[in-house]
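Structure first, then comments.
The values are calculated or read from the model by the stated rules, or taken from the named source; none is laboratory data. Note that the structure is predicted; figures quoted are calculated from it, not measured. When we count neighbours, we look across all protein chains shown, and the Cβ atoms used for this are built from the backbone with ideal geometry, even at glycine.
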Amino acid sequence: MEHKKLFIAGKDVPPKSEIFSDILNPATGETLAQVAEGNADDVDEAVKAAHAAFYDGPWRALNSGDRTRALLRLAGLIRDNAEDLARLECQNVGKPIREARDEVALAANCFEYYAGAINKIGGDTIPVAAAGVSLTFREPIGVCGLIVPWNFPIVITSWKVAPALAMANTVVVKPAEQTPLTAWRLAELAVEAGIPPGVLNVVPGRGEEAGEALVRHPLVRKISFTGSTAVGRRVMKLAADDIKRVTLELGGKSANIVFADADLDEAVPGAVWSVLGNAGQDCCARSRLLIEKSVYSDFLYRLADQFRAVRLGDPLDDNTEMGSLISTGHRSRVQGYIDAGKKAGAALVCGGRIPADNQLKRGAYLTPALFADVDPQMKIMQEEIFGPVLCAMPFDSEEEAIRIANASTYGLSGAIWTRDIGRALRVARAVETGVISINTGHSVHLEAPFGGVKQSGVGRELGLAVLENYCELKSVFVKV
């Protein structure tokens, strides 16, 4: 069994608490590894290592070409170790191996993309008066605290680390206590790639201990947090004490809007996998399904067939389509929402049960649940369930669909299915969300900004836009 310590200043460091936590495979309930549980003192050591690496180390002083090559070497090492990383992610999260392989490839792509972006971000020369000119420089912030959730560990770690390092910052990563293994391995590979010690540090631990210590630390200049809206609200309050810069990517309750003229052969599987990918544990999950009334019954019939046919199984089996949830405790939470939906009068068409298979009973499995005839004000239609639960309801008009879609405190993602490009663009503009897709279930691309409005977050990840989150803009006036 692996025994992982903290990763600080390029080496294994034992936790000051001397506490190690069992890391479980949620698909089997077996212990994968024991990982150090960092506390506030450990966070302090990691932040000071990152601070020293920023001010006294070579990373910030490297020219853009050398920094580019270092990130490209790291991307290459991720590809060289892709299968091992995918298996680690698969077993730690309980997701199907084919999803894990795609996510490891995305992590490598992320480092390559930001390696290529390093010399694309510069300043401006601005004429300001007859007697002079103003120059702008983009400078690194310093130590960045990066707090990563448990649902997409290697992907979201890469989303945060790659742009932060591209802009010459140093970082302390606080992975979720359930899924720290790939973040730890990524830090090892960074040292192997020649990234100097202290530039990338990893302190696993609980949010209320290690996470809060990172947000509160006076030497941390920037916090990037992905997780629940409730915790994000607390992060923002704590960061306000010393005016840290904050990026928050939070919860969602995204709407999938299907008009009668849509290609149903595309829209049905699109609706299925936009809520069942990663067993529904996705802030972008389109868990509210709005279907135009004239095709509602036909769409539901097709949808139920596909829900019932989803193959649950061993995440390491290439034929498995949906793995387990992250824990039996989380499964109980999801089941609580299913019970609430039934009590409120929504029709449970299928699913929502623990599988009968004895092998699957060992893990945190749940059959995909499909609700029909859901009222927009029901709890299951308003709150983020974070599981394989889809809530469907009919609508009569474009205006009604927009009104229902916007009747949410969240605004992260969404989708529109129609052959009418005018309607598609009207609805895309009218729906209050940070990201929306048309005739596809895909909405996240490295090259495009990603993030939410309303209570789904502050700021953007990905694209060139995220680089603005990891630098300060300085104006210099020159008299001529």
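Restricting attention to helices (runs of 4 or more DSSP H) lying wholly within segment 132-243, give those where 1 or more residues are closer than 21 Å to Ile326 by Cα.
153-166, 181-192, 229-239
If you take the residues of segment 146-157 that are out of contact with any helix residue (DSSP H, G or I) (no Cβ under 6 Å at 6 or more places or on another chain) and of a type in the set (A, V, I, L, M, F, W, C), which of them is nearest to Phe20 (Cα to Cα)?
Trp150
Looking at Lys174, Lys160, can you tell me which residue is of a type in the set (Lys, Arg), in contact with a helix residue (DSSP H, G or I) (Cβ under 6 Å, 6 or more places away or on another chain) and surrounded by 24 or more Cβ atoms within 10 Å (Cβ to Cβ)?
Just one listed residue meets the conditions, Lys174.
If we scan segment 122-135, do we find a residue that is of a type outside the set (Gly, Ala, Ser), in the same structural domain as Asn25 (by TED's automatic domain parsing) and closer than 24 Å to Ala52 by Cβ?
No, the conditions are met nowhere in segment 122-135.
In the list Glu103, Glu18, Glu45, which residue meets the criterion of being surrounded by fewer than 16 Cβ atoms within 10 Å (Cβ to Cβ) and either in contact (Cβ under 8 Å) with a residue 24 or more places away in the chain or in a loop (DSSP other than H, G, I, E, B) (or both)?
Result: Glu18 is the single residue among Glu103, Glu18, Glu45 that is surrounded by fewer than 16 Cβ atoms within 10 Å (Cβ to Cβ) and either in contact (Cβ under 8 Å) with a residue 24 or more places away in the chain or in a loop (DSSP other than H, G, I, E, B) (or both).
Residues in segment 260-273: is at least one in contact with a Ser or Thr (Cβ under 8 Å, 6 or more places away or on another chain), within 28 Å of Thr157 (Cα to Cα) and either among the polar types (S, T, N, Q) or surrounded by fewer than 22 Cβ atoms within 10 Å (Cβ to Cβ) (or both)?
No - not one qualifying residue is present in segment 260-273.
Within segment 31-42, which residues are without any contact (Cβ under 8 Å) to a residue 40 or more places away in the chain and out of contact with any Phe, Trp or Tyr (no Cβ under 7 Å at 6 or more places or on another chain)?
Thr31, Asp41, listed by residue number.
Can you find a residue that is surrounded by fewer than 17 Cβ atoms within 10 Å (Cβ to Cβ), in contact (Cβ under 8 Å) with a residue 40 or more places away in the chain and of a type in the set (Ser, Thr, Tyr) anywhere in segment 355-370?
no
A quick yes/no check of all residues on (1) more than 14 Å from Cys391 (Cα to Cα); (2) among the acidic types (Asp, Glu):
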site: Arg308; (1), (2): yes, no
site: Asp314; (1), (2): yes, yes
site: Asn319; (1), (2): yes, no
site: Gly336; (1), (2): yes, no
site: Val349; (1), (2): no, no
site: Asn358; (1), (2): yes, no
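Within segment 293-350, how many residues turn out to be out of contact with any Cys (no Cβ under 6 Å at 6 or more places or on another chain) and part of a helix (DSSP H, G or I)?
Looking only at that region, the number is 31.
On the given criteria, is Tyr337 free of Cβ contacts under 8 Å to residues at least 24 places away in the same chain and either of a type in the set (Ser, Thr, Tyr) or surrounded by 15 or more Cβ atoms within 10 Å (Cβ to Cβ) (or both)?
So Tyr337 does not fit the description; no.
Kindly indicate whether any position in segment 265-281 is part of a helix (DSSP H, G or I), charged (D, E, K, R), at negative phi and not assigned by TED's automatic domain parsing to the domain that holds Ser158.
yes
Would you check which residues across segment 436-450 are out of contact with any Leu (no Cβ under 7 Å at 6 or more places or on another chain), in contact (Cβ under 8 Å) with a residue 40 or more places away in the chain and either buried (at least 18 other Cβ atoms within 10 Å of the Cβ) or over 15 Å from Ile156 (Cβ atoms) (or both) and list them?
Within segment 436-450, Asn439, Thr440, Gly441, Ser443, Glu447 meet the criteria.
State the number of residues belonging to segment 293-328 that are touching a residue at least 12 places away in the same chain (Cβ under 8 Å) and either outside the structural domain of Pro394 (by TED's automatic domain parsing) or not charged (D, E, K, R) (or both).
22
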